[in-house]
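Comments concern the structure below.
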Amino acid sequence: MKMTNTNHSKQIERAMLALQKQKKTIEKAHYRLNYHFMAPAGWLNDPNGLIQHNGLYHLFYQHHPYNADWGPMHWGHAVSSDLIEWQHKPAALAPSEVYDHEEANEDIGCFSGSAVSCREELVLIYTGHISGRTPKEVQAAAVSQDGIHFEKKNKNPIISEPPSGLSEDFRDPKVWKYNDTWYVVIGSSINGNGAVSLFQSNDLDTWEYRGIALEGDGTQGDMWECPDLFPLGEKHALVLSPMNMENGKNIVMIGDMDYSTGKFLPESQKEIDDGLDFYAAQTFQDEKGRWILIAWMDTWETDFPTKAEGWAGAMTIPREVVLDEQNKVKLLPVRELENLRGNQQQFSDVALNAGESFDLNGDGELAHSYEIKVDIKINENKGKAGLHLRASSDGQEKTLVYYDMETNELVVDSTASGGATQPNISKTEVVVQDTISLRLFMDTCSLEVCTGDGGAWITNRIYPEPVNTGMQIYTENTNVMVEEVNVWSLKKVIE
Ligand code: FRU
């Protein structure tokens, strides 16, 4: 198969030069994160093509390398041997062909998709998007022998139009192999509801339409972006990023996949993360057999204060997806994150009366980048207990993370987080027996909080003033016992 990708290589070189030029500006940025993945400069959204290929982890992502606004979509690329330290590589895909590029049209490009290993080659399957054209979205593939340089296939587009009945929104292919057959789910919409279309193939080039694997019930949004269907234990999981859903934005359903009929039969549904800044989650199975999920740690229609610094967008920490005995989804921070830990402070058995607080040391290395593990024993079914984080010395500016004993909710309140933070109160229901166990990951401008069992998560971007580093455990209207608290500084591993 002879491929001619001269324009593609040229577009990639151009993008790399543009990034190089932005280096100086980025070096001065003070909100750059310490251990969450970011693009070297410019705009980033969805994680794409997550895979471990020949031992190495690959993270591709929706990228606009020319400035910090969304624009013609490229696939940025980075590799890692441990999911924690990432090394930037040249962009893997740039808009360059008739099906993903059009002169003088900014709403174009290589939209989200996935990666598979096939006979030693690394294959990317993505959506070619050209706004204003019919069809607007087609599916295409690119192949690499060395895992760095990708050639778009001559056969592209490999799926040249949406099946009849589906809307022109037809994107974000996620490919997987099951019993020696390739399957792909593609996000779409039908009669105003989200829908997932299913295709199958023996060679990744020729795809047979199997029908709609699942369509929305009227409450799940009008278009499903970034569908991800994968076997999890004895079940299958379907991750969706619905547009315009009233009570959700990134959901996971657990159910059964009937490969003979091509239908997914959901049994349960829940929001993966109840924070504001969590979207377009994608999973992959690594060589240890773990299903690992990474999401865009932002979302559409929010502010991006770091645009002023020449960059926007980051990824969440990698989380392992597991099912408990009741087939409930839990997300556990991957083990490898423990390698980031530096200085530690530890306290145990600190009794706090209603209205009291207890200072943790947020100085030096711990200032902006740390992990907290805390177990708080509650004595009564009233009041609140939790943490003040990134607090100013006068207490005016702070982010609150607390458990509300009356409503049984874990709450992250960023209304007083300061800086350019978009005020927000995120809540998630948690049933606590007698001890609240929380795990928190703070970075320069992000906060991820989960319960000890990984059953509930809240991820929010906060933009406090860098000088505000106060950290306290507090309680309101109730007496509690801080059974144990550990705080570790987390080192900087991302440029
Ligand atoms: C989700 C999404 C995808 C699309 C991509 C474009 O955030 O809208 O549906 O492929 O972003 O950048």
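Just so it is clear, none of the values below were taken in a lab; they were calculated from the coordinates. Bear in mind that the values here come from a model prediction, so they are computed numbers and not experimental data. Please note: Cβ atoms are built from the backbone with ideal geometry, for glycine as well, and neighbour counts cover all protein chains shown.
What ranking of K177, K89, K28 emerges when the number of other C-beta atoms within 10 Å of each C-beta is taken as an exposure proxy, fewest first?
On the way: K177 13, K89 17, K28 9.
The fewest-first ordering by Cβ neighbours comes to K28, K177, K89.
Modelled label positions at Y259 and V98, each set 7 Å beyond Cα in the direction of Cβ, lie 3.6 nm from each other.
Provide the net charge surrounding S446, with neighbours chosen by a C-beta distance below 10 Å and charges set as Lys +1, Arg +1, Asp -1, Glu -1. It would help to have the intermediate numbers written out before the result.
On the way: positive: R461; negative: D277, D298, D443, E448.
So the surrounding residues net to -3.
Just so you know, the Cα atoms of the chain work out to an Rg and Dmax of 22.7, 74 Å.
What ranking of V334, V322 emerges when the number of other C-beta atoms within 10 Å of each C-beta is taken as an exposure proxy, fewest first?
By the 10 Å Cβ count, ascending: V322, V334.
Segment T206..H30, full-extension length gain: 58.5 nm, with 0.36 nm per residue of separation and the alpha-carbon distance subtracted. Rounded is the label for region 317-445, because the ratio a/c of its alpha-carbon gyration tensor axes (a ≥ b ≥ c) stays below 1.5. Helix 6-27 and the longest principal axis of the Cα set of the chain meet at an angle near 20°. Once both labels are positioned 7 Å from their Cα atoms along Cα-to-Cβ, the gap between N179 and H88 label points is 4.6 nm. Reducing region 369-446 and region 217-268 to their Cα centroids gives an inter-centroid distance of 30 Å. Taking 7 Å steps out from each Cα toward its Cβ at D375 and F358 produces label points 1.3 nm apart.
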